[in-house]
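Chemist: What follows is a structure written as structure tokens; I'll ask about it next.
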Amino acid sequence: MTESKNDFRKALGAVIDARGRESSRQVSYRMQHQLIGAFTKRP
């Protein structure tokens, strides 16, 4: 019983970690896009 609970926690942690990485990547991409737009003076 405790082993399956541990596996579930591991899987949940991996999913949360992957989701966090993806969201942070999207945020950095958005920031880069805004920076490029500011440099080129385009919306």
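The values are calculated or read from the model by the stated rules, or taken from the named source; none is laboratory data. Bear in mind the structure is a predicted one, so any value in this text is a computation, not a measurement. Positions of Cβ are generated from backbone atoms using ideal geometry, with glycine treated the same way; all protein chains shown enter the neighbour counts.
Chemist: Anything in the chain that is within 13 Å of the chain's Cα centre (by Cα) and not small (G, A, S)? List them, or say none.
Modeler: Selection gives V15, I16, D17, R19, R21, E22, R25, Q26, V27, Y29, R30.
Chemist: Okay, moving on. Against the condition assigned to a helix (DSSP H, G or I) and loosely packed, with under 10 Cβ neighbours inside 10 Å, how does S24 come out, does it pass?
Modeler: The answer is no for S24.
Chemist: Just checking, which of G37, G20, G13 is in contact with a Pro (Cβ under 8 Å, 6 or more places away or on another chain) and free of Cβ contacts under 8 Å to residues at least 40 places away in the same chain?
Modeler: G37
Chemist: While we're on this one: Which of the following residues is hydrophobic (A, V, I, L, M, F, W, C) and either in contact with a His (Cβ under 9 Å, 6 or more places away or on another chain) or modelled with pLDDT of 90 or more (or both): A11, A18?
Modeler: Answer to the selection: A11.
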